[in-house]
Amino acid sequence: MRTMMNRKSLNQIMASVLVNSIYAMKNYPIMLINTLLAPLSILVIIVFISRGALIGVGIEGAFIMAMISSGIGLQSDLSHLKNDFKLQDMVVSSPTSAVNYMVGMGVSELVYAIPILVILSIMAAIFLHPTLIQTLILIAVMTIVYIFSIALGFFFSTVTTDVMQSWGFTGIISTLLSTIPPVYYLITYIPLPFRYIAYISPTTYAAEIVQSSLGFLSITQTNLIIDWIVIITVTVIVLVIAIKKSMWREV
Amino acid sequence: MQSIVCRGLSKTYSKGSKALDSVSFKFEGNGILAIIGRNGAGKTTLIRILATELMPTKGTALINGIDLIKEPKKIREFIAIVPQEAKAVHWLTPKQTVVSYLMYRGIGFSQAKIKAEESLKKLALEKQINKLNRLLSGGTKRKVLVATVLSSGAKIIFLDEPTTGLDPISRSDLWKLLNTLKKEYLIVLTTHYLEEAERLADKIGIMEQGKLLAFDTLNELRKKLKYKYSIKIIGTEIKINYKDAVSINGIDGNQQILTNENRSSQISQMLIKKGVKFSTNMITLEDIFYYLVKKSIIEENEDNDES
Ligand SMILES: Nc1ncnc2c1ncn2[C@@H]1O[C@H](COP(=O)(O)OP(=O)(O)OP(=O)(O)O)[C@@H](O)[C@H]1O
Ligand SMILES: [Mg+2]
């Protein structure tokens, strides 16, 4: 009985992966190039401007940004499927739960991230030579950032009623998570009073952890602990809100 | 046995408009329930509530005895819907559309592929099976969605305007299919084609301004109306004494009179004497619809005038 339940959930999760990424890539291969372009182009600019000095930070930033793009992509993909095709309406009236739909769509965004993650991993191996601990910290932070951005994207998508509105949310999420925070460079580059603005964004804390673990940034032990507490707490809160408050059945 | 029991379902949207006004009815067994009504009457609102997509403001409904407010999850195991504005996802093929939907219902990939092919075949979509939905005609896209829910094995199916946009042949093919399916399924559909309701429905619900004006079989609807005959005067307008008769002018611009058997023969003889062209028929669903909706609008206006 239990395994049957799990198999069912797995099929439901797989359905989203097929719809939103595998079939989409199969039928429109151009999608693949698109997923590579954005993070790589920023990375190249950073490396050029810093004459190579920031390549390490840039790679680390691109890893985190790949996760954030997943959340931003999820938000607009879901709004599109919900409002233009009414797919979500059909799924709501099916045995698939909101959580399985969210997880499936989340994984589908991760599939898009695979090519860039492979390229970045190769670059990291060449330029960063991370130790095992550093690698684990990077993966842990990436996972948290991924869950955070997916939950946020899912929540916003369920409250949108048309695609125009969803573009508005995309703008807000991407500014908050990827423009304000110093992901591709160090926070110390920002003059002090403005630095506090960066701390509005949870991404800043994530970047600090990884940057300090890789030795680009030195922060105190206390600050490091605070960084972890902040990103974990914020992620849990957003996740709970996404599961409890997202509009699955309309009111 | 399948059943849908609505108990005082009401819906007021948060933006203010009252879309559903204590709708109650009971439908038991397999068969087709057709909901008809003008634009904005509340058909989609009703169907979305029954499909557990939308919360009612007041009242509830039992689907196979299960309360849709308390236990939507149980209900979702055996219902499926094609929403009014649903579109087959552009970047999928019909087969991929059905396969992914079946997987949302918990069915495994290989099983889903077999079922998808079967279902698309039933709707004569073999040729389109691997084309992109984006490239299909509007009606074909609609058929893909119908095939999608029919493949699911769900025993209660909601179709919100399934034949809108279908050509006459595809429509009649779908009617044939629905007519065979209704032996095994409970299908709730909305339509603006009254002929569709006449041909398919075991019960017909007529809605206007959120209210269910009538809910019965076509025969019962006919019986309940005191007028059984419809006289259509062609090409001219004649002054008539509306004793035991009512005018429902407007369907095709011709003067039309609903009346009883006695009065019908009186009026006919009068018309023959005058040499006027006319036809006499048993009332159709269209006549009943016109009569009830018009009556409801007049009553509504009277209520407003009084208050
Ligand atoms: N999401 C919504 N928010 C606010 N009002 C709504 C919403 N959806 C529908 N309405 C309103 O509720 C009423 C009933 O709408 P509904 O879509 O149920 O009608 P319908 O009978 O399906 O019409 P149609 O034949 O045009 O499809 C209308 O007045 C409509 O404007
Ligand atoms: Mg409608």
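The values are calculated or read from the model by the stated rules, or taken from the named source; none is laboratory data. Here the structure is a predicted model, which is why all the values come from computation and not from measurement. A quick note on method: Cβ atoms are made from the backbone with ideal geometry, for glycine too, and the neighbour counts reach across all protein chains shown. With ligands, DNA and RNA removed, areas are computed over all heavy atoms of the protein, side chains included. Shrake-Rupley method; radii C 1.70, N 1.55, O 1.52, S 1.80 Å.
To the nearest 0.05, how large is the calculated FRET efficiency for A:Ser50 and A:Phe194 if R₀ is 22 Å and r is the Cβ-Cβ distance? That pair, A:Ser50 with A:Phe194, gives E of 0.65. Taking 0.36 nm per residue of separation and subtracting the Cα-Cα distance, full extension of the segment from B:Lys74 to B:Glu126 would add 15.4 nm. Take the Cα of B:Asn39, step 7 Å toward its Cβ, do the same at B:Gln111, and the gap between the two points is 4.4 nm.
Computed from backbone phi, the HN-Hα couplings of region A:118-127 come to 5, 4, 5, 4, 4, 4, 4, 4, 6, 9 Hz, rounded to whole numbers (Karplus: 6.51 cos²θ - 1.76 cosθ + 1.60, θ = phi - 60°; Gly and Pro given as x). The calculated FRET efficiency for A:Val236 paired with A:Leu136, based on their beta-carbon distance and R0 = 22 Å, is about 0.60.
Shape class for region B:95-166, computed from the alpha carbon gyration tensor (a ≥ b ≥ c): oblate, with a/c not under 1.5 and a/b at or below b/c. Among A:Val92, A:Thr158, B:Ile288, whose Cα sits farthest toward the positive end of the charge dipole of the protein assembly as shown (+1 at Cβ of Lys/Arg, -1 at Cβ of Asp/Glu, about the Cα centre)? Sorting the options by dipole projection puts first B:Ile288.
Compute the label zone of B:Ile297 within region B:19-40: residues whose backbone N is under 18 Å from the point 7 Å along Cα-to-Cβ. Hits in region B:19-40 for B:Ile297 at 18 Å: B:36-40. With the biggest extent put first, the Cα atoms of chain A measure 52, 42, 35 Å across the principal axes.
Taking every DSSP beta bridge that has both ends in the protein assembly as shown, the antiparallel portion is near 60%.
Across all directions, the shadow cast by the convex hull of region B:202-307 built on its C-alpha atoms averages 7.7 square nanometres. Over all pairs of different C-alpha atoms, region A:134-203 has a mean inverse distance whose reciprocal, the Kirkwood radius, equals 13.7 Å. Taking trypsin sites (Lys or Arg not before Pro) across region B:54-134, the ones in a DSSP loop with at most 14 further Cβ atoms lying within 10 angstrom of their Cβ are B:Lys70, B:Lys131. In this assembly, the B-A interface accounts for approximately 3300 Å² of buried accessible surface in total, computed with a 1.4 Å probe and without ligands, DNA or RNA.
Solvent-accessible area per residue in chain A equals 46 Å², computed with a 1.4 angstrom probe and all protein chains kept. In region B:3-221, a dipole from Cβ-located charges (positive for Lys and Arg, negative for Asp and Glu) runs towards its positive end, and of B:Gly108, B:Leu123, B:Gly8 it is B:Gly108 whose Cα lies farthest in that direction. A Förster distance of 51 Å, applied to the separation of the beta-carbon atoms of B:Asp202 and A:Ile225, puts the FRET efficiency at 0.15.
In chain B, the longest principal axis of the Cα atoms and the axis of helix B:109-122 are about 30 degrees apart.
Each part reduced to its alpha carbon centroid, region B:236-293 and region A:143-174 end up 59 Å apart. Shown here for region B:181-250: GluC sites (Glu not before Pro) in loop regions (DSSP other than H, G, I, E, B) with at most 13 other Cβ atoms within 10 Å, namely B:Glu184, B:Glu237. Separation of region A:180-195 and region B:169-184, taken as the distance between their Cα centroids, equals 65 angstrom. Calculated mean residue ellipticity at 222 nm for chain A: -25000 deg cm²/dmol, from DSSP H runs with n ≥ 4 weighted as -39500 (n - 2.57), summed, divided by the residue count and rounded to 500. Restricting the chymotrypsin sites (Phe, Trp or Tyr not before Pro) of region A:33-124 to loop positions (DSSP other than H, G, I, E, B) with no more than 11 neighbouring Cβ atoms within 10 Å leaves nothing.
Which entries of B:Lys176/B:Lys277; B:Lys70/B:Lys182; B:Lys121/B:Lys211 have Cα-Cα distances beyond 32 Å here? Where the Cα-Cα span goes over 32 Å, the pairs concerned are B:Lys176/B:Lys277; B:Lys121/B:Lys211. For A:Lys26, a cut-off of 18 angstrom between C-alpha atoms picks up these lysines, skipping any fewer than 8 places away in its own chain: B:Lys95, B:Lys113, B:Lys131. Considering only A:Met247, B:Gly139, B:Asn262, and ranking their Cα positions along the charge dipole of the protein assembly as shown that arises from unit charges at the beta-carbon of Lys, Arg, Asp and Glu, the one farthest toward the positive end is B:Asn262.
For the peptide B:102-113, the mean number of other protein chain Cβ atoms found within 10 angstrom of a residue's Cβ is 6. Of the candidates B:Leu50, B:Leu181, B:Leu120, which one comes out as most mobile in a Gaussian network treatment of chain B with C-alpha springs shorter than 10 Å? Of B:Leu50, B:Leu181, B:Leu120, the most mobile in the Gaussian network model is B:Leu181. Using a probe of 1.4 Å on the protein chains alone, the accessible area found for A:Phe156 is around 40 Å².
Compared with the dominant Cα axis of chain A, that is its longest principal axis, helix A:202-213 is turned about 50°.
With axes computed from alpha carbons, what is the tilt in degrees of helix B:94-104 against the longest principal axis of chain B, rounded to the nearest 10 within 0 to 90? Helix B:94-104 and the main axis of chain B meet at about 80 degrees. Ignoring the sites themselves, what is the longest stretch of chain B with no chymotrypsin sites (Phe, Trp or Tyr not before Pro) in a DSSP loop and at most 15 other beta-carbon atoms within 10 Å? With a cap of 15 other Cβ atoms within 10 Å, the longest stretch comes to B:14-241. Taking amide H as placed 1.01 Å from N in the peptide plane, A:Lys86 has its amide H under 5 Å from the amide H of B:Lys87, each at least 5 places away in sequence or on another chain.
What fraction, in whole percent, of alpha-carbon pairs in region B:3-221 exceed 24 Å separation? Percentage above 24 Å: 41.
From zero up to wherever the largest Cα-Cα distance of region A:140-251 sits, split into 10 Å bins and tell me the percent of pairs in each. Going from the shortest bin to the longest, the percentages are 14, 41, 30, 13, 3, 0. The distance linking region B:1-78 with region A:202-229 is 53 Å (Cα centroid to Cα centroid, whole angstrom). For the protein assembly as shown, the calculated P(r) over all alpha carbon pairs, in 20 Å bins from 0 to the bin holding the longest distance, is 19, 41, 26, 11, 3, 0 percent. In the full protein context, chain B carries 46 Å² of accessible surface per residue, based on a 1.4 Å probe and ignoring ligands, DNA and RNA. Around the amide H of B:Leu92, modelled in the peptide plane, lie the amide H atoms of B:Asn133, B:Arg134, all under 5 Å away and 5 or more residues distant in sequence or on another chain.
Surface composition of the protein assembly as shown: carbon plus sulfur atoms hold 60% of the accessible area, using a 1.4 angstrom probe and ignoring ligands, DNA and RNA.
Packing here is the average count of other Cβ atoms within 10 Å per residue, and on that basis the peptides A:139-147, B:265-273, A:234-242, A:70-78, highest first, run A:70-78, A:139-147, A:234-242, B:265-273. With contacts taken as Cα pairs under 8 Å and at least 6 residues apart, chain A reaches a relative contact order of 27 percent. Distant-in-sequence amide contacts of B:Ala61, defined by a placed amide H-H separation under 5 Å and a gap of 5 or more residues or a different chain, comprise B:Arg7, B:Leu68, B:Ile69.
Per residue of peptide B:146-158, the mean number of Cβ atoms on other chains within 10 Å of the residue Cβ is 1. Computed on chain B, with alpha-carbon pairs under 8 angstrom and 6+ residues apart, the relative contact order is 19 percent.
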